[in-house]
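The values are calculated or read from the model by the stated rules, or taken from the named source; none is laboratory data. Being a predicted model, the structure only gives us computed values, none of them experimental. Ideal geometry is used to build each Cβ from the backbone, glycine not excepted, and the neighbour counts take in all protein chains shown. Only protein heavy atoms, including side chains, enter the accessible area calculation; ligands, DNA and RNA are left aside. Shrake-Rupley method; radii C 1.70, N 1.55, O 1.52, S 1.80 Å.
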Amino acid sequence: MKRFLQRVRAFDRHHPLWWDLTVAVAVTLIAVIANSPKDLVGASLVAVVAVGVMLRRRKPVPALITVVSTVVLGVIVAGLTGFGGAWLYLTVWVMLFNVGLRLGTRRIWAFGGVILLVSVAAYVDPVNGFSAELLERVRSSLGVAAMAAASYLGGVQIDSRRQALITHRKEAAREAVIAERSRIAHEMHDIIGHNLSVITSLATGGSVAVRNSPPDAEHAFDAIGEISRSSVREVRRILAVLRYDQSPEGAPLTPQPGLGDIAALVDTVRAAGVSVALDRSGVLESVPAGRQLVAYRIVQESLTNVLRHAGTQARVGITISRDNAELTVLVDNTGASSPSAPRDRAAEPGHGILGMRERAEAYGGSVEAHATRVGWRVTARIPDDRAGNR
């Protein structure tokens, strides 16, 4: 049945005119079979109704008025001449369903009047072939009115569901745009914030070395140039990736940084004068790409905070381990915190720490960042959701 409905919809999309003609012919045939017109006037009324059914989607209200007027005219003709026409109430139900589907509850009072008018028509002429007794007239009138109301309300119901679906899709699209902007902001914060902090440290050291050690100054400025070019490349790559990739596991279009890139990240911080020790343990190669990116960004943000708040005199220890399908990242800053970095920062985390937590929580993990007796510590735990399948 589902496949049949899909084929009908496909035929309607590709051949709307032929579909309208098919519906009009089918409804007219049912009306004629139920009660054949006895004269030329009755046949003419059937033809007018068929045209109205064909125009139901292009001109729903005029088509409905045409069909209802034809039904009323048929009742008048039957009362005056005694000749019965075709059974046209099915066409009225089809038209009411159509206007409910296309107009919803707009002009509901007018369509209520149409239903009342049709019920009166069914009472005056209780469907050809029925007796003219009062009980039969009432039954005919109530039956036609009930089916007319049900047809209209059925169309309204489908229209309401369709509008709700459209609204839901628009809201989902809006939320996707907001999420994408937030994602871009996180990536830009991580990339630009880290590299600018490294460049600042190198520039500060280079300006001093110009007077005391020109070769060291030249090395510092070369490093600044390389980091700047690397930043431009990363920003372009991230923008391209975020534009096309919506998957939570990272983009397949361009390789995202992972655990294997942390060593190069550490080298850039060491070039700025910070002492960094990196220790890795466990099977890290099989960590999913998305989780590797989270770990990389957490290390990057932690090192950026070290450069901002502790300076080049800090000593940093980074431990990355994997045990029981859980990836753990520990970054310890054993240098003195600057006055601009209060020791109760965990109570009011900045955007960097919030970003780290959001990244980890997206994969069911957590991030703890707090001051220690000698500095600052960031601990991230990122579980592997494939562990239960092993």
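Restricting V25, V51, V32, V41 to residues that are within 25 Å of W87 (Cβ to Cβ), modelled with pLDDT under 75, out of contact with any Lys or Arg (no Cβ under 9 Å at 6 or more places or on another chain) and in a helix (DSSP H, G or I) narrows the list to V41. Considering only region 297-334, state which residues are in a strand (DSSP E or B), over 34 Å from the mean Cα position of the chain (by Cα) and either aliphatic (A, V, I, L, M) or crowded, with 24+ Cβ neighbours inside 10 Å (or both). Correct list: V316, I318, I320, L330, V331, N333. Residues satisfying the criterion are present in region 128-141 (criterion: surrounded by 14 or more Cβ atoms within 10 Å (Cβ to Cβ), at pLDDT below 70 and over 38 Å from the mean Cα position of the chain (by Cα)). Only residues that are exposed (fewer than 15 other Cβ atoms within 10 Å of the Cβ) and touching a Phe, Trp or Tyr at 6+ places or on another chain (Cβ under 7 Å) were counted across region 1-49, and they come to 2.
Report yes if T268 is in contact with a Leu (Cβ under 9 Å, 6 or more places away or on another chain) and either open to solvent by 10 Å² or more (accessible area, probe 1.4 Å) or modelled with pLDDT under 75 (or both), otherwise no. Judged against the criteria, T268 is a match. On the stretch given as region 148-179, residues that are at pLDDT 85 or above and either within 21 Å of Y89 (Cα to Cα) or surrounded by 11 or more Cβ atoms within 10 Å (Cβ to Cβ) (or both) total 15. Does V294 satisfy the criteria of being over 14 Å from T268 (Cα atoms) and either open to solvent by less than 20 Å² (accessible area, probe 1.4 Å) or in contact with a Pro (Cβ under 9 Å, 6 or more places away or on another chain) (or both)? In short, yes.
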